[in-house]
Amino acid sequence: MAHKRRKKNKMHWNVQAITSTISTSLVLILIGLVILMSLTARVVADSVKENLTVTIVLNDDVQTNQAKQLQDSLCTLRYVGNIDYISREQAMQEQIESMGIDPTEFLGANPFSISMEIKVKPEYSVTDSLQWISTELRSTKSIAEVIYQKDLVDSLNRNLQRASFFLLAIAMLLIVISLSLINNTVRLSIYNHRFLLYTMKLVGARWSFIRRPFLIKAFWMGIASALIANTALFAGIYWAASHDEDVFRYVTQQNMAYTAIAILVVGLVLTIVCTFFSVTHCLKMRRSKLY
């Protein structure tokens with residue numbers, strides 16, 4: 001009879017462990033999605049910023065060799081990612097192709113000046129940085145005009161801030177919900193062993209000794225939950241990539257690694273912390289509250 005009871009209790013314990021692991025995995029998948037979305041949003045924003053250009057128009061009297069020297073000196077600046085050189089002839093050809101009109105027919109000469117399109121590094125693609133970059137470039141004598149899309153930059157950074165705030169709010173909400181769900185699941189599992197905990201306390205077992213097997217179980221439950229969550233999340237990403245190759249253009253291997261590590265850390269912290277406080281709560285219970 002006692003053997004059957006122990007076997008039944010062991011089976012009940014295993015069912016609870018599986019249920020807790022699955023519940024924790026579902027929560028970690030949601031948290032992982034938010035983390036991955038945040039990292040991907042940053043990649044998308046950097047991709048857009050890399051395509052933002054600052055156009056400089058040189059003075060009419062600047063010769064080709066002088067323009068090339070200026071280009072070489074600009075390439076050494078810390079905020080410059082890439083420079084596209086646009087000669088007078090190239091500017092003329094682009095004008096003819098876009099408008100279908102040759103200005104030399106009625107002006108008698110090429111009206112365009114040498115220009116350059118500077119692609120600024122993403123970390124400098126903010127309003128304040130672009131303002132002092134523009135001021136610094138204008139101080140160069142051979143540069144007549146500096147042009148950049150201020151409204152587009154302001155809109156991009158404003159939307160990025162809103163998206164970051166929104167994702168952060170969702171992440172915080174999910175963490176609060178996950179703490180509640182995992183804590184209730186773990187507490188229910190441990191509550192079923194309250195009489196065992198109380199008996200061990202009566203015979204003089206230290207609280208740290210009583211907590212140890214539960215914390216070890218919580219550790220492995222956190223590992224298993226993180227593995228399940230990562231497998232499900234990345235399987236979904238590779239499935240999406242099989243239908244659209246551009247997925248890996250934004251969901252980078254580095255961000256996937258960061259997400260996997262974050263899921264593992266969050267899973268371990270949640271399960272271990274919740275188990276610690278749940279066991280402590282049961283150990284503090286009086287005999288009258290056990291029934």
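Among the residues of segment 112-158, just one is small (G, A, S), part of a helix (DSSP H, G or I) and without any contact (Cβ under 8 Å) to a residue 40 or more places away in the chain, namely S155.
Within segment 195-220, how many residues are of a type in the set (F, W, Y), surrounded by fewer than 18 Cβ atoms within 10 Å (Cβ to Cβ) and out of contact with any Leu (no Cβ under 7 Å at 6 or more places or on another chain)? The total comes to 2. Among the residues of this structure, V269 counts as one that is surrounded by fewer than 21 Cβ atoms within 10 Å (Cβ to Cβ) and over 17 Å from S38 (Cα atoms).
Sort out which residues of segment 221-249 are surrounded by fewer than 15 Cβ atoms within 10 Å (Cβ to Cβ) and not aliphatic (A, V, I, L, M), and write them in order of number. Matches in segment 221-249: T231, G236, Y238, W239, S242, H243, D244, E245, D246, F248, R249. Against the condition hydrophobic (A, V, I, L, M, F, W, C), in the same structural domain as V251 (by TED's automatic domain parsing) and at pLDDT below 85, how does V62 come out, does it pass? Against the criterion (hydrophobic (A, V, I, L, M, F, W, C), in the same structural domain as V251 (by TED's automatic domain parsing) and at pLDDT below 85), V62 does not qualify. Quick check on segment 159-179: of everything there that is in contact (Cβ under 8 Å) with a residue 60 or more places away in the chain and loosely packed, with under 14 Cβ neighbours inside 10 Å, which residue is farthest from E123 (Cα to Cα)? That would be I177. Taken as a whole, segment 189-201 holds no residue that is at pLDDT 75 or above, of a type in the set (D, E, K, R) and more than 25 Å from L28 (Cα to Cα).
Filtering segment 72-96 to residues that are surrounded by fewer than 16 Cβ atoms within 10 Å (Cβ to Cβ) and part of a helix (DSSP H, G or I) leaves D72, S73, E89, Q90, Q93, E94, I96.
The values are calculated or read from the model by the stated rules, or taken from the named source; none is laboratory data. Here the structure is a predicted model, which means the values were calculated and not measured. Every residue, glycine among them, receives a Cβ derived from its backbone with ideal geometry; neighbour counts consider all protein chains shown.
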